[in-house]
Amino acid sequence: MSETGIGASVRRTEDNRFLQGRGNFTDDINRPGQAYAYFVRSPHAHARIRGIDAAAAQACKGVVAILTGQDLEADGVGGVPCGFAPDGGPIKEPPYPALAKDRVRFVGDRVAAVIAETREAAKDAAEAMSIDYEALGAVVTLADAPKEGAPQLHDDAPGNLCFEWEIGDKDATEQAFAAAHKVVALDLVNSRLIPNAIEPRAALGEFDPGTGNYTLHTTSQNPHVVRLLMGAFVLQIPEHKLRVVSPDVGGGFGSKIPHYAEEVVVTWAAKKVGRPVKWAAERSESFLADTHGRDHVSRAELALDANGIFLALRVKTTANLGAYLSTFAPLIPTYLYGTLLGGAYRTPAIHCQVRAVFTNTAPLDALRGAGRPEATYLLERLVDVAAAETGIDRVELRRRNFIPSDAFPYQTPVALQYDSGNYASTLDKALALADAAGAEARKASAEKAGKLRGVGYSTYVECCSLAPSNIAGAIGARAGLYEAAEVRVHPTGSVTVFTGSHSHGQGHETTFAQVVAERLGVAFENVEVVHGDTDRVPFGMGTYGSRSLAVGGSAVAKAIDKIIDKGKNIAAHTLEAAEADIAFADGTFSVAGTDKELTIGEIALSAYVPHNYPLETLEPGLDESAFYDPVNFTFPFGCHICEVEIDPETGTVDIVGYTAVDDVGRIVNPMIVEGQVQGGIVHGVGQALYENCVYDPSTGQLITGSFNDYCLPRAQNLPAIQTGTQETLCPHNPLGAKGCGEAGTIASTAAVMNAVVDALAPLGIRHIEMPATPEKVWRAIRDARAA
Amino acid sequence: MPAVSMTVNGKTVSGDVEARTLLVQFLRENLRMTGTRVGCDTAQCGACCVLIDGDSVKSCSVLALQAEGAEITTIEGLADGELHPMQDAFREHHALQCGFCTPGMVISAIDLVTRNPDPSEDQIREWLEGNLCRCTGYHNIVKAIQAAAQAMGG
Amino acid sequence: MYDFNYHRPRDLADAVRLRSAAEDGVFLAGGMTLIPTLRLRLASPSDVIDISGVDGLSDLEASAESVRVGALVRHATVAVSADVKKRIPALAALADGISDAQVRNRGTLGGSIANNDPAADYPAAILALGATVMTNKREIAADDYFTGLFDTALEADEIVTAARFPVAEAAAYAKFPNPASRYALVGVFVARIGGAVRVAVTGAGDQGVFRAPEMEKALAGNFAPDALNSVTVAADGLNSDLHAGAEYRAHLIGVMAKRAVAACA
């Protein structure tokens, strides 16, 4: 292994700019003459707009323009489209106007945009807007949404039902339940979260009247997708006239995947007012109007035989979509959820039904893990309940039901074919690393100190590398989910890589350069990675679903293969040998059996200064692009073990130990993989113990609208995290990589909650909902003791 | 509009501002020094930390006018040809991912190590109460600060 | 934030004159509460009078009898002061636990007690230690100072100049922070001075900081955690919110009080 190649913990290239305050985030960009947009947002969860009087606002100091839904309509600007409609049944797709015209459907819905000379002037004028609302009843909770007589969000979605969806063999599942030795059931809620990337969303629209070109700088995880959706479906701007740039982006976690109305408005407004228009969300707006995540209510049942072998799993879930369909909203509680209910187990029959409903709350979409944390939490909690109710040890029960390592590729009963795995191995490693054998002694000594101590396990499987385009299409995606790359070897042998993946913290500028350095035999320092600009990168589907290395990296690898092929052609010509005799290794092309060789640098120079190329068979230049479409998903897996101590007097849960052993396939940069896992874990810990999006159930007002009420995990909430890895390669992509960005989040929530319930189990507590706040835990303990 | 004058990273700067202008707005919009960032509107995330006369402070909660005559150090003022030891430790220990909270995190950490040259892991975690990071899980930030404290002579 | 007129007086008289002359003036010290409030447009003063340059408000003095903390003394200063740590270590510890490091670097005693946020920490120390609040006009006894939610005995032309805390035989503060905001969900300050015991509770009361007479009585007889076993804290008049219902707060008052008493040992 070289110091900078695959497998090396190369320090990150991008850090130099971030550490010196030289990062280039959207709100850091300023354009001469720019004006600022401020969005007037609905204070009502549900209301009819009877009229908008902008006269007083128009007269405010510094106001440039006030734009409303009527202006959008007059210009023929459509609503924000949805990119996924699951197969199998009808789906209601109500329009999602960029600015509401007649009706608002959640607190934070956009009603008008005030464009002014400064941010504060725009905000001043926004307060002077007079909007006549007729408040309507709001439906907020999953329980209320389908009720007879409940307020209806959309005329064409009776019962507030967006769609019903199912997966798996219902009959086989029912039969297995009928014949089961034991059935365990669990009702559980997957709490609603607000993503809260630390960089609030921002967008800067520009229009050049000289060329007719538009430019949008935006905080997106997938600028090409924004260009496609906004250009083709909303503003009708052809691609060659619309450049979308996602510069440095300060975290995404799924919330920056969707195409948002604010992007439409600043782009459209830039032409309308003849000036660049910038918008940067305040955190309060992020809380209200970024897409939220999770929010399921489920009933889960597991059928077992007398030996604890899982026979069948039955799940009924109601999922919240919010007020409108965000870009990928219908995908999350369906194919990213129901298909993962097999987990690491051989459960032969699974049936999952999902009802997805509209409510007067912010639209939901992907949030780190997106569907897979929901599935894992449900399944891993249910397995613990099954262990408790069968008397089989939790670890043993998992082990008994694992898909054995010689069973891969493994076809699950819920559509997926797992590529490779060795689940017992990560479990064993984690048990050793966490000193699980010592847990009982630690519990006993905690008891002496008056504390309740518990340990929780989560043996997860996730599905990454979204997505084989044929499968994506078959299940309802309106686009393929391949990735594009271009590798340009410059005349002196340095390399620029253009990737459709987008880094918003993942470190692609380093990792992808390592792949190139290794495969092309060039110096790491001589590789530059470009991403996030539709004018520079040929195409891209972006970064989400832990797909960058497995799909985007594979596209780079494929382009490199083409570079090598072309290099062989050049070498054959230059060295006067047959192309079949040219070998390439470590950056050098050589003729087999001779000492004739040329370095990649020499080949590159030759490619750009050719004098006698046989032009029918050899073009000048050394620049190749590739589109890589995965043949299957990838399936990382692992085992997380969490230990908690609970202070029974206050109900406070402290995480006192956390161990994660993950297998994410080939690891290019171990330092970065560890960092991704650590960050992911803490995101999942947040859901388990701290984070909670709460709307007033009757008025639909967001109660957790700032960091004063929405609790993000802080450094003091956590101990040091122990991580371990193993590498079971993905057999079907060129890098063997599986993906690591979401593993921590997918695994950790269940591990923490299982530990909390384990600590409380001696009191007879069977389950507790998230987040396990001090008050909730204290009440559970008090009620259990009273019982 | 009122005038304000202060020293930022060793250079005297001045400008006319509305009284309501925050120090962070003055830095970002008047001086176009965008390394100091705004991540919340309730003074909690810490992305906007700068040193005012050596103390770490959230520049989103200070008026530009309050900084009249003060010595301000921002993230842009730390490296002197080479990275500051705290910056270097953050890089070495992979204590940043998206980089958005990083300037505030580095400034806050420098203040800690100035006050407490050899902080324990717990002391570091407590100190970071006012700095939110969504990417790293804090693990590597804590490691980096410990290493920087050693490098800075703790 | 709405715009306003900004003033930076050099002396107390000027500060008071400016406030009196203003249509709706407000004093600004560290700004750790005021500026976030203004940012969220929750207040719209016509004039902001920055008293941080006023002389004579930044002294910290300690004797065997008392600790006098000037209004502009920052939490970070109190937290590390050797004098405070020697005379009233509980006060230094309380200051060290206020919000986060950056807030402690700016926030002041005067700002905290003039604002009287129902979840602030300093009011508990003032009330439990029976401190004297000193202003440009008079001295106010702790028991007369806090008059309700965000309300104090201060008059419009009155500025806190210092607080004088008597040195206690024993004192401790136990705080259960709101996990999100880090303000006190419940904070209990217990002090024994001259044989008398005073207990003040912050974070919990719907009218702000208050004393707990039954606890004081129980502890006067027996200054030990177990003495509180017989005291039931009622949930009436306690705050109830997302993070803690009144019943839970009532329970926490008992737990924190015991921990504070235990810490006095």
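Label separation (A:GLN417 vs A:GLU727): 2.6 nm, computed from points 7 Å beyond Cα along the C-beta direction.
Among the listed pairs A:LYS101/A:LYS241; A:LYS558/A:LYS738; A:LYS92/A:LYS241, those with a Cα-Cα distance over 26 Å are A:LYS101/A:LYS241; A:LYS92/A:LYS241. Note on chain C: GNM, Cα springs under 10 Å; of C:ALA21, C:ALA218, C:ALA93, the largest mean-square fluctuation is that of C:ALA21.
For segment A:482-628, the C-alpha radius of gyration sits at 1.06 times the compact-globule guess of 2.2 N^0.38 Å, with N the residue count. With viscosity 1.567 mPa s and temperature 4 °C, the Kirkwood radius over alpha carbon pairs of segment C:5-51 converts through Stokes-Einstein to a diffusion coefficient of 121 µm²/s.
If both residues of a DSSP beta bridge must be in segment A:482-628, then about 80% of such bridges are antiparallel. Backbone amide hydrogens, once placed in the peptide plane, bring A:ALA100 within less than 5 Å of A:ARG110, A:VAL111, excluding anything fewer than 5 places away on its chain. The Cα-based radius of gyration and maximum Cα-Cα distance (Dmax) for segment A:587-633 are 15.1, 46 Å.
Sparse packing (at most 13 other Cβ atoms within 10 Å of the Cβ) combined with a DSSP loop state is found for the following GluC sites (Glu not before Pro) in segment C:158-217: C:GLU169. Between C:LEU34, C:LEU57, C:LEU42, the residue with the greatest mean-square fluctuation in the GNM of chain C (Cα pairs under 10 Å linked by springs) is C:LEU42.
Normalised by the number of residues in chain A, the mean separation of alpha-carbon contacts (under 8 Å, six or more apart) gives a relative contact order of 15 percent.
For A:ALA474, project a label point 7 Å along Cα to C-beta. Then give me every residue of segment A:85-129 with its amide nitrogen under 18 Å of that point. The answer is A:85-89.
Projecting the Cα atoms of C:GLY221, C:LEU149, C:ALA200 onto the charge dipole of segment C:108-265 (Cβ charges, centred on the Cα centre) puts C:GLY221 farthest toward the positive pole.
May I have the convex hull volume per residue, in Å³, for the Cα set of segment A:454-516?
So the per-residue Cα hull volume is 169 Å³.
Of the beta bridges in chain A, as assigned by DSSP with both residues counted there, near 80 percent are antiparallel. In chain A, taking the dipole from charged Cβ atoms about the Cα centre, the farthest positive-side position among A:LEU615, A:ILE667, A:THR390 is held by A:THR390. Under the convention that each Lys and Arg Cβ holds +1 and each Asp and Glu Cβ holds -1, the size of the dipole of segment B:85-151 around its Cα centre is about 200 debye.
Treating r as the C-beta distance of C:ARG138 and C:ALA262 and R0 as 41 Å, the FRET efficiency rounds to 0.65. Using a Förster distance of 45 angstrom, determine the FRET efficiency expected from the C-beta separation of C:ASN229 and A:VAL631, and round it to 0.05. Once rounded, the FRET efficiency stands at 0.05.
For segment A:74-232, the alpha carbon positions stretch 73, 39, 34 Å along the principal axes, listed from largest to smallest. Each of A:GLU148 and C:GLU214 was given a label point 7 Å from its Cα along the Cα-to-Cβ line. The distance between the two points is 4.8 nm. Mind checking which helices in chain A clear 27 Å along their axis (Cα) and have mean Kyte-Doolittle hydropathy of -0.5 or more, DSSP H runs only? Helix filter hits for chain A: A:554-574.
Relative to the current alpha-carbon distance between A:ASP87 and A:SER698, full extension at 0.36 nm per residue lengthens the span by 216.6 nm. Antiparallel beta bridges, as assigned by DSSP with both residues in segment C:1-150, represent about 50 percent of the total such bridges.
Pairs B:LYS11/B:LYS58; A:LYS256/A:LYS278; A:LYS316/A:LYS443; B:LYS143/C:LYS175; A:LYS776/C:LYS85; A:LYS448/C:LYS217: which are spaced more than 26 Å apart, C-alpha to C-alpha? In this structure, A:LYS316/A:LYS443; B:LYS143/C:LYS175; A:LYS776/C:LYS85; A:LYS448/C:LYS217 exceed 26 Å between Cα atoms. Summary value for segment B:85-151: 55 percent relative contact order, contacts being C-alpha pairs under 8 angstrom separated by 6+ residues.
Computed log10 I(q)/I(0) for segment B:3-77 at 0.13, 0.14, 0.20, 0.28 Å⁻¹: -0.30, -0.35, -0.74, -1.55, from the Debye equation with unit scatterers placed on every C-alpha and solvent omitted.
Can you figure out the FRET efficiency of A:GLU73 with A:ASP208, using R₀ = 25 Å and their beta-carbon distance, to the nearest 0.05? For A:GLU73 and A:ASP208, the calculated efficiency is 0.50. Dividing the Cα radius of gyration of segment C:193-265 by its Kirkwood radius returns 0.97 for Rg/Rh. The share of alpha-carbon pairs in the protein assembly as shown lying farther apart than 59 Å comes to 14%. Spherically averaged projected area of the convex hull of Cα atoms, segment A:89-135: 4.8 nm². Each listed q (0.11 Å⁻¹) maps to a log10 I(q)/I(0) for segment C:115-265, found by the Debye formula over equal Cα scatterers with no solvent: -0.39. Taking chain B as a Gaussian network of alpha-carbon nodes connected by springs under 10 Å, the highest mean-square fluctuation of the residues B:SER56, B:SER108, B:SER120 belongs to B:SER120.
Helical content alone sets the calculated 222 nm signal of the protein assembly as shown at -8000 deg cm²/dmol, taking -39,500 (n - 2.57) per DSSP H segment of four or more residues and averaging over every residue.
Each reported figure results from applying straightforward, stated rules to the coordinates on display, with no laboratory input. The model shown is predicted, which means the values in this text are computed figures rather than measured ones. Backbone-built Cβ (ideal geometry, glycine too); neighbour counts: all protein chains shown.
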